[in-house]
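Down below is the structure, laid out as structure tokens.
The values are calculated or read from the model by the stated rules, or taken from the named source; none is laboratory data. Quick caveat: nothing in here was measured; it's all calculated off a predicted structure. With ideal geometry, Cβ positions are generated from the backbone for all residues, glycine too; neighbour counts draw on all protein chains shown.
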Amino acid sequence: MKRFLHVLLIVLSVPLSCKKLEPAAPEDHETLDGPVEGLSDEQRAMFLKGDIAFNNDVFTKETGLGPLFVSTSCGSCHAGDGKGHPFTTLTRFGQINEQGNLFLHAGGPQLQNRAIPSHQPETIPAAATFSKFTPPANTGLGFLDAVSDADILAMADPNDADGDGISGVANWVSLKNYITLREGSIDNTGKYIGRFGKKGAAYNLLQQTAGAYNQDMGIVSTYEPYDTFSGEEIDPEVSNQTVQHVVFYLKTLKAPVPRNINDPGVLAGKGLFTQINCSKCHVTELKTSRSSIAALSYQTFAPYTDLLLHDMGNALDDGYTEGSAKTYEWRTPPLWGLGLAKISQGGSYYLLHDGRARSIEEAILLHGGEAAYTRDKYKALSKEEKQKLITFLESL
Amino acid sequence: MKKLLLLTTGLIITTTSIGQIDATLLRKRHVDTTGTMLNMDAVYNRPFLSLGKLPVALGGYAEANWQHLGTDGITEGHQFQMRRLTLFVASSIAKRIKFLSEIEFEDGTKEINIEFAAVDVELHPLLNVRSGIIMNPIGAFNQNHDGPKWEFVDRPVSATQLLPATWSNVGFGLYGKLFKKNWVFAYEAYLTNGFNDRIIDNREGKTFLPAAKKNRDRFEESFNGVPLATVKAAVRHLKIAELGVSYMSGIYNKFEDDGLQLDKKRAVNVLALDGNMVVPELHTSINAEWAWIFVDVPETYTQQYAKTQYGGFIDIIQPCHRGKIFGFENSTINIACRLEYVDWNVGKFRETGGNIADHLWGIMPGISWRPSAQTVLRLNYKYYNKIDMLGNPPARTAGFQCGIATYF
């Protein structure tokens, strides 16, 4: 009996150490999700509501999916809030200049390439040019949102006045009727600076979110009330509250935390990054202005973007555009989180706007236009220097 | 007023007298241990209590547990759960006509289901008719799911999140058995209501047969009018093992409505193998099941919803002590281990040619104490490694579960 009591005591004591036998949380720098520091309790609660709507809400026929769609949930395009996989790459078509989309009547601007059973998905009209957009990472978007228009324009150099071969222009876009202007917005004949999306055509995260519900999942809201299948205005399938929770979630996702920052290879690579002019467009440091979220106000952060459009050359010109961008212009993508892309892209890299580059080096070598000089400087680096530069990029 | 008083008094007397039934009058009908029982007999091979000569027998089981699980550093903390309370009522209507029903309350009263309610008419050992709400004989676990029979708090993932245990439907069919020396052969064949389109349109975002159970109308009407056929054949050598092969086939979509064609007929097919044995001398019990699922998913739909899935589990139970413990004469201590694997999406991405992951593997070592054959106290450590469809780093879940399950 005594023996059994001992065994029983041992058996029952094992679960008391339960936390030690459960998987530990990954380090903060190993993941992209999680809120920015400094949120209030109320803000953290709202972050959680947005997190659930973003990552857990899977739409079905019953809850409004489609009938034409690309994906069934926000999270299926942005696994772990990171970059997406070609499986959910979006296809946009029908616009070749700033005059607008010529194929709105044929389902433009976005192809809904999937359909619920008994429906047929869209196809790209024969005469339309198109481009593919791999879903970007969601992290740190609130910081980008809080950069002032004045700061963005200060980085623009449309006429290349400094003669460095790099210009940089803002994408001036018309606003949707539900958009409220952010403080300090600069008006350019009724158009405003877009800063989100591959072409920088979305003014803010509400436009990005409501558009994604509508164009990616076929979910109608009061913001985007038209069904992508019928073209008719129909009852909302997602509440304004849910959309706002998701917007708050996206705004308050933390910025990616760099890794190995004191590694000599990383430090050397960082020096090369500036030395060969990568940082002319992938601007190392930006500042936020006043934000309604205190944790985002007046912060200095390192996104490695200038939020401006640049000519990237013929190889990356798909013949499709948005807003006032030319077809060969792309908004500088933030490089933060680049080293964590593999953990959301299934263990591989799918880089550049359409995921065509399968490595960081391939992405660099596909740079053209304004970036041709820098690309050639990269080519001229020694093998070791190239490796250091890539090590630095992977540390972001 | 006088009538009301009389009625109330009468009710009190009746209630009291029922409450004072001599417990010795309750006869326990024991579980068959002759070795000739097959998995298909599980539904009747349960302990029942009957009262005197009443043709009705009652039974049931309950399962409760504590658990503390964490996923990548995030835990829900200590959870106390009443997973199931199940009641059986069996009655012998005539010599070879019997009725059994099983009503289950899951997670408190969150789900209340009639899992089984069927009349069996025995015409010949090889020809019996069963009709009502039946448990489709796919795999082994679906018909043999009583908590007290298992050494683990959780049901196998492949049985509940790949196959839809407990999967019951309204229908009828035939079953029978043949005995030859040390061999037992058996078959079951049923036609029932079947699946619906929720299996590829659900909040799980994956082909998920259990989602069909969300259709509340399924006991009232067939979703598309096409019966689901389920057949199973099993063979047992009394000294070696039992092997079963089962197949389920039906149409899951509403291909026409109100006389109008909406889609082509889309099939769901399931093949399962199951087996169990007790290793002689060692008394090690091995119980395993593996299933393949094939679903006709439209090409124009999302690849999240798989055309092929498979998975299964193996439970290995080793008795390590038999004897008196805390006064329970026939106690048994078992050590146990369950290994599981489920792939919810077998295929390759059209866009990249890369493998679609969406799979899970798990290991669950445990220890159990059976103070009697009908009651089990169990302590499990569970470790699951779940990978999303893109193949990103896994979500790791682990922790302890401790619970009790007993027939009553």
Pair list, Cβ under 6 Å, 6 or more apart: region B:82-97 residue closer than 26 Å to B:Gln67 by Cβ, other residue surrounded by fewer than 19 Cβ atoms within 10 Å (Cβ to Cβ) and of a type in the set (D, E, K, R) = B:Arg84/B:Glu106
For region A:343-361, which residues satisfy the criterion of being within 18 Å of A:Thr332 (Cβ to Cβ) and charged (D, E, K, R)?
-> A:Asp354, A:Arg356
Does at least one position in region B:267-284 carry a residue that is in contact with a strand residue (DSSP E or B) (Cβ under 9 Å, 6 or more places away or on another chain) and within 14 Å of another protein chain (Cβ to nearest Cβ)?
-> yes
Top-ranked residue in region B:172-202 [being charged (D, E, K, R) and not in a strand (DSSP E or B); ranked as surrounded by the fewest Cβ atoms within 10 Å (Cβ to Cβ)] | B:Lys181
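Every residue, every condition in (1) assigned to a loop (DSSP other than H, G, I, E, B); (2) modelled with pLDDT of 95 or more; (3) within 14 Å of chain B (Cβ to nearest Cβ); (4) over 23 Å from A:Ala137 (Cα atoms), yes or no:
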residue: A:Asp306; (1), (2), (3), (4): yes, yes, no, no
residue: A:Gly323; (1), (2), (3), (4): yes, no, no, no
residue: A:Pro333; (1), (2), (3), (4): yes, yes, no, no
residue: A:Trp336; (1), (2), (3), (4): yes, yes, no, no
residue: A:Glu362; (1), (2), (3), (4): no, yes, no, no
residue: A:Arg375; (1), (2), (3), (4): no, yes, no, yes
residue: A:Thr391; (1), (2), (3), (4): no, yes, no, no
The residue that is nearest to the other protein chains (Cβ to nearest Cβ), considering only those in region B:349-362 that are crowded, with 18+ Cβ neighbours inside 10 Å and within 24 Å of the chain's Cα centre (by Cα), is B:Asp358
Pairs only if they're at least six apart or on different chains, beta carbon under 7 angstrom, first in region B:382-407 and more than 9 Å from chain A (Cβ to nearest Cβ), second outside any strand (DSSP E or B) and of a type in the set (Lys, Arg); list them, first residue then second.
-> B:Tyr407/B:Arg46
Give, as residue ranges, the strands (runs of 3 or more DSSP E) completely inside region B:224-324 that count at least 3 residues that are in contact with a Lys or Arg (Cβ under 6 Å, 6 or more places away or on another chain).
-> B:241-251
Given the conditions (1) over 24 Å from B:Ile74 (Cα atoms); (2) more than 9 Å from every other protein chain (Cβ to nearest Cβ); (3) exposed (fewer than 15 other Cβ atoms within 10 Å of the Cβ); (4) not small (Gly, Ala, Ser), and given that A:Glu27 satisfies all but one, which numbered condition is not satisfied?
-> (1)
Criterion: closer than 24 Å to A:Gly108 by Cα and in contact with a Gly (Cβ under 7 Å, 6 or more places away or on another chain) - qualifying residue of A:Ile293, A:Ile234, A:Ile219 | A:Ile219
Just give me the residues in region A:81-90 being within 11 Å of another protein chain (Cβ to nearest Cβ) and either part of a strand (DSSP E or B) or under 20 Å from A:Phe59 (Cβ atoms) (or both), in sequence order.
-> A:Gly84, A:His85, A:Phe87, A:Thr88, A:Thr89
Could you tell me which of the residues B:Ile133, B:Ile112 is farther than 25 Å from B:Lys53 by Cα, aliphatic (A, V, I, L, M) and modelled with pLDDT of 95 or more?
-> B:Ile133
Any chance region A:57-80 includes a residue that's away from chain B (no Cβ under 14 Å), assigned to a loop (DSSP other than H, G, I, E, B) and not aromatic (Phe, Trp, Tyr)?
-> no
Residues located in region A:135-185, provided they are among the basic types (Lys, Arg) and surrounded by fewer than 16 Cβ atoms within 10 Å (Cβ to Cβ) = A:Lys176
Answer from A:Gly265, A:Gly269, A:Gly200 - the residue that is more than 28 Å from A:Gln120 (Cβ to Cβ) and part of a loop (DSSP other than H, G, I, E, B) = A:Gly200
Starting from residues that are β-branched (Val, Ile, Thr) and touching a Phe, Trp or Tyr at 6+ places or on another chain (Cβ under 9 Å), keep the ones in region B:64-105 and report whichever is nearest to the other protein chains (Cβ to nearest Cβ).
-> B:Thr71
Only one of these is in contact with a His (Cβ under 7 Å, 6 or more places away or on another chain) and crowded, with 16+ Cβ neighbours inside 10 Å: B:Gly312, B:Gly399, B:Gly391. Name it.
-> B:Gly399
Filter region B:298-342 for residues that are under 22 Å from B:Asp154 (Cα atoms) and in contact with a Gly (Cβ under 6 Å, 6 or more places away or on another chain) and give the result.
-> B:Ala336, B:Glu340, B:Tyr341, B:Val342
Region B:111-140, residues that are closer than 23 Å to B:Gly60 by Cα and among the acidic types (Asp, Glu) = B:Glu111, B:Glu115, B:Asp120
Select from region B:363-381 the residues that are over 18 Å from B:Glu63 (Cβ atoms) and either at the interface with chain A (Cβ under 10 Å from one of its Cβ atoms) or among the β-branched types (Val, Ile, Thr) (or both) and list them in ascending order.
-> B:Ile363, B:Tyr381
Test A:His353 against the criterion of being closer than 19 Å to A:Asp160 by Cα, under 21 Å from the mean Cα position of the chain (by Cα) and not charged (D, E, K, R), and give yes or no.
-> no
Please give the number of the condition B:Val346 fails out of (1) touching a helix residue (DSSP H, G or I) at 6+ places or on another chain (Cβ under 9 Å); (2) more than 13 Å from chain A (Cβ to nearest Cβ).
-> (1)
Kindly indicate whether A:Glu42 is within 19 Å of B:Ala211 (Cβ to Cβ) and either out of contact with any helix residue (DSSP H, G or I) (no Cβ under 8 Å at 6 or more places or on another chain) or not in a loop (DSSP other than H, G, I, E, B) (or both).
-> no
Search region B:214-225 for residues being buried (at least 18 other Cβ atoms within 10 Å of the Cβ) and of a type outside the set (Gly, Ala, Ser), and hand back the single one that is nearest to the chain's Cα centre (by Cα).
-> B:Arg218
Taking region B:203-216 and the residues there that are under 16 Å from A:Lys61 (Cβ atoms) and either in contact with a Leu (Cβ under 9 Å, 6 or more places away or on another chain) or not in a loop (DSSP other than H, G, I, E, B) (or both), the one that is farthest from the other protein chains (Cβ to nearest Cβ) would be B:Ala212
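Yes or no, residue by residue, for (1) closer than 30 Å to B:Thr207 by Cα; (2) within 14 Å of chain B (Cβ to nearest Cβ); (3) within 21 Å of the chain's Cα centre (by Cα):
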site: A:Gln95; (1), (2), (3): no, no, no
site: A:Leu104; (1), (2), (3): no, no, no
site: A:Gln110; (1), (2), (3): yes, no, yes
site: A:Pro117; (1), (2), (3): yes, yes, no
site: A:Pro125; (1), (2), (3): no, no, no
site: A:Asn159; (1), (2), (3): no, no, no
Which numbered condition A:Ser185 fails, given (1) within 14 Å of chain B (Cβ to nearest Cβ); (2) polar (S, T, N, Q); (3) in contact with a strand residue (DSSP E or B) (Cβ under 6 Å, 6 or more places away or on another chain) | (1)
Being over 24 Å from the mean Cα position of the chain (by Cα), at pLDDT 95 or above and facing chain A (nearest Cβ under 8 Å), is that true of even one residue in region B:322-337?
-> no
